[in-house]
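Peer 1: Mind looking over this structure? Questions follow.
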Amino acid sequence: MKAKPLSRIFSGLASIFSFSPFSASLFVCILVMLLVYRIQLTIALFNNPIKPFDFDPAAHGLWFWVRYFPYDVLLLFSFFILSCGISPLHLVVRSGAPRSILKASGFILLHLFLLLLALLHGAHTRLLFDAQTGFSYSVLVELLLNVPLAQLATFIDLKDILLLLFPLGLFWGMMLCPFAFRTWIVRASIGSIILLLFFSVLKTSSHGHRIPADIRLNPALFLLSDMAGNGLFKSDGKDRYVKIDMENETTLQPIGSEFRNQMKPIKILPPKNDHLWNIIFFVMESVGTRYMFDTEHGNPMPMPFLHTLSKESWHLKKHFTSSNISTKANFSLLSGLYDFFHQETFGIRADARVPSIHNYLGGHYDRFLVTPSPIQWYFPTAFMNNSGLTEMHHFANLNLGKREELHSLGRYIGRDEVQTVDYFIQRVSKAKEPFLGIYLSFAAHLPYFDYGPDYRIRNEDGRLITRYYNNLNLLDQMLRRIHGHLRKGGLLERTIFVIVGDHGQAFGQHHSDNYMHHRYSYNENLETPAIIYQPTLFRPRVFDVPTSHVDILPTLLDAMRIPYPPAYLDGESLFHHPLRRKYIFFYGHEGTISSLDTQFVKTQSSLKNQKCWVFDLKKDPLEKHPLDCSSYESQLDALRRFVGFHDAGLVRYNESVKEKKRMLEAEGPPEITRALARGR
């Protein structure tokens, strides 16, 4: 007796779906797409050596795809109800031409919808394994603002095209098949859904809340929920930060007691030298301060050579990136300026022409950059090209061994790090002094390629952090080789060796999805090493005050006695005693702006939802206990005012440089003129 009502409901649903070939075909097509995604993801989580967020499916069992199938069913029925509401619309219009146009438009939109849905599922899966994130709203904005369509097209191969076309073929196969067969398919589909939902209810688990939403949710639901979390569907009349009219302002930095101490600092410079200095930047991708000298649990130190070198150098022990993404961080390193405090990246704009280190050094410097990775994804190439760095050796034009890790859903690719360092050393040997050589590493970036036993300090255990530590050791050995080559060739005594990370790296601290660096603005995402070696200019010293990427350029220029306009740099020379500024600032790709004062009070504000919080890093270095902002209103106000001031000022400064005009007559115009002239 109980089975009869269920049978009637089942038959009724099947009749509804079978009545409209359009709705039935769309229903089956989307169901198959969702099942393929969930099964494909589960297989990859079990078999792939790189797992998003170090997720261990063995701890949750093979029920994973069944357990979270209800999320897919919710999406499926939402689309079905929508299609049932749309499909009869052409019946309302009775005249010939408009009705035909409406039907044609509907089919075109349907095909685009299926293609976009397939693309979203494929992109979400690839991002999970390649970037430790799902297809979120921030990723969507990043693609629209900062990644040219031509670059995205290079990541689509024949297999991807076939997968994108599969839903269209399935839809038309269902549309053209006989009515009886289509009815049977619909009945089988509904039966499968009921069976899977039954098992999903049985296989509930208390561990579900620990699994990141990127894995649990269907990609479309994840994107929609993330957009809702970003406040995209809310109306908020409040400004995200305080915007300041720049028309009558005369500097890049806001002037006032809330931003800097009024007492002018003393500048104590090293002795002047007759020769020009060579400079080598060794920028370590994704190297966090807390890992490089870590010996916890009796493990060997990952970077012993760098540890020794730090004792002979200026060691900026409390150094922070300007942003938790590489493009903005590298821009700050080489310009002394913060990038935009919003998602758009200034350094990749075709018209980015503010001065870089090359402009201050002058055209007589031999300058070059070498990196084993695809440079367009994480380096402000437009900005550097405009400033005069045209010799860039990277993945696309280096004929070296290739490191590649393939799986069914994506790939990691880069040139062999050891061979690329060999190439860099050869280029240094051929360089005409003075030279500026920049090396951008890749080994400490996901997927942390395995370079063999010579670089392993920890046994493989399947965890990402183990491979990461091994590759820090590889970087340490590469640093030793470059340093040794400079010493052997007699270049070391005339070279400033700058070793710095672009940003930090996270391995699940604070949140289960806090992997890599771009999801949050905790210290593991922001703290990164900075060591400046040249004993003649930088007597061994440890800095325990907060320093930033924007401080590197003015510090180097002071050491080399090269004039520059302080009002047009965001950083401050570390030769100042004491430092005049009150705060350093950061932008988080997740939509957070932050400031850190000299007493290590870290104030943060979300651009998404107008929330703020504070950490006292002296009392709470692990950032476990967020404080209320009410006691820190002055610092919070300074943060918001600086962000509004800076973004407007950077645009105006860039326009002035483009027009070859002086930014100000009152603050050092000769220095600006010389800087602009050097960049021509």
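Taken together, the values in this text are just the output of simple stated rules run on the coordinates, not laboratory data. As the structure is a computational prediction, the values presented were derived from the model and not from experiment. As a convention, Cβ positions derive from the backbone with ideal geometry for all residues, glycine included, and neighbour counts pool all protein chains shown.
Peer 1: Would you grab the residues whose amide H sits under 5 Å from the one on Tyr338? Only those 5+ places off in sequence or on another chain, please, with H modelled 1.01 Å from N.
Peer 2: Those lying under 5 Å, H to H, from Tyr338 are Asp570.
Peer 1: Taking 0.36 nm per intervening residue step and subtracting the Cα-Cα distance, what contour gain separates Arg487 from Gln610 on full extension?
Peer 2: Taking 0.36 nm per residue and subtracting the Cα distance, the gain is 39.0 nm.
Peer 1: I would also like to ask the following. On full extension of the chain, what length is gained from Leu115 through Glu344, given 0.36 nm per residue of separation minus the C-alpha to C-alpha distance?
Peer 2: Stretched fully, the Leu115-Glu344 segment lengthens by 79.7 nm.
Peer 1: What order, most packed first, do the peptides 264-274, 214-224 have when packing is the mean number of other Cβ atoms within 10 Å of each residue?
Peer 2: 214-224, 264-274
Peer 1: Does anything in the range 111-127 have its amide N under 19 Å from the 7 Å Cα→Cβ label point of Trp172, and if so which residues?
Peer 2: 111-119
Peer 1: Would you mind ranking Met384, Met560 by Cβ crowding within 10 Å, fewest neighbours first?
Peer 2: Exposure proxy ranking, most exposed first: Met560, Met384.
Peer 1: Which of rounded, prolate or oblate describes the range 266-679 when judged by the alpha-carbon gyration tensor and an a/c cut-off of 1.5?
Peer 2: Rounded, since a/c falls under 1.5.
Peer 1: Which one of Gln534, Ala396, Ser512 has its Cα pushed farthest toward the positive end of the charge dipole of the range 266-679, where Lys and Arg give +1 and Asp and Glu give -1 at the Cβ?
Peer 2: Gln534
Peer 1: Sticking with this one: Once you order the gyration tensor axes a ≥ b ≥ c over the Cα atoms, which shape class does the range 463-562 get: rounded for a/c under 1.5, otherwise prolate or oblate by comparing a/b with b/c?
Peer 2: oblate
Peer 1: Still on this structure, please answer the following. Among residues other than Pro535 whose Cβ falls under 10 Å from its Cβ, what is the net charge (Lys/Arg +1, Asp/Glu -1)?
Peer 2: Net charge in that neighbourhood comes out at -1.
Peer 1: Calculate the FRET efficiency for Arg458 and Ile161 from the Cβ-Cβ distance with a Förster distance of 35 Å, rounded to the nearest 0.05.
Peer 2: 0.30
Peer 1: Taking a ≥ b ≥ c as the square roots of the Cα gyration tensor eigenvalues, with a/c under 1.5 meaning rounded and otherwise prolate when a/b beats b/c, else oblate, which class fits the range 468-507?
Peer 2: oblate
Peer 1: Report, in listed order, any pair from Lys264/Lys582; Lys264/Lys318; Lys582/Lys602; Lys272/Lys318 with a Cα-Cα distance greater than 18 Å.
Peer 2: Over 18 Å apart, Cα to Cα: Lys264/Lys318; Lys272/Lys318.
Peer 1: Got a sec? How would Phe543, Phe449, Phe331 order by Cβ neighbour count within 10 Å, fewest to most?
Peer 2: Exposure proxy ranking, most exposed first: Phe543, Phe449, Phe331.
Peer 1: Report ³J(HN,Hα) in whole Hz for each residue of the range 368-373, in order, from the Karplus equation J = 6.51 cos²θ - 1.76 cosθ + 1.60 where θ = phi - 60°; Gly and Pro get x.
Peer 2: Whole-Hz 3J(HN,Hα) from phi for the range 368-373: 7, 9, 9, 8, x, 10.
Peer 1: While we're here: Per-residue HN-Hα couplings for the range 390-403, Karplus 6.51 cos²θ - 1.76 cosθ + 1.60 at θ = phi - 60°, whole Hz, x for Gly and Pro?
Peer 2: Rounded to whole hertz, the list is 10, 8, 10, 10, 9, 3, 5, 10, 9, 8, 10, x, 10, 9.
Peer 1: Report the gain in length on full extension from Gln262 to His510: 0.36 nm times residue separation, minus Cα-Cα distance, nm rounded to one decimal.
Peer 2: Stretched fully, the Gln262-His510 segment lengthens by 85.5 nm.
Peer 1: If amide H atoms are built 1.01 Å from N in the plane of the peptide, which residues on other chains or at least 5 residues away come under 5 Å of the amide H of Asp366?
Peer 2: Here Phe435, Leu436 satisfy the definition.
Peer 1: Which of the trypsin sites (Lys or Arg not before Pro) across the range 367-456 are loop residues per DSSP, with 16 or fewer other Cβ within 10 Å?
Peer 2: Lys432
Peer 1: 5 Å is the cut-off here: which amide hydrogens, built 1.01 Å from N in the peptide plane, fall below it relative to His393, excluding neighbours closer than 5 in sequence?
Peer 2: When sequence neighbours closer than 5 places are left aside, the close amide H contacts are Leu369, Val370, Thr371.
Peer 1: Per residue of the range 486-499, what does 6.51 cos²θ - 1.76 cosθ + 1.60 with θ = phi - 60° give for ³J(HN,Hα)? Whole Hz please, x for Gly and Pro, Karplus curve as stated.
Peer 2: Once θ is set to phi - 60°, the couplings for the range 486-499 become 4, 5, 5, x, x, 9, 4, 6, 10, 10, 8, 9, 9, 10 Hz.
Peer 1: Restrict the search to the range 296-338; then list the trypsin sites (Lys or Arg not before Pro) that DSSP places in a loop and that have at most 10 other Cβ atoms within 10 Å of their Cβ.
Peer 2: Lys311
Peer 1: Now for a different question. With Cβ to Cβ distances under 12 Å as the rule, what net charge do the other residues near Phe395 carry (K, R +1; D, E -1)?
Peer 2: 0
Peer 1: Order these by the 10 Å Cβ neighbour count, fewest first: Phe442, Phe199.
Peer 2: By the 10 Å Cβ count, ascending, the order reads Phe199, Phe442.
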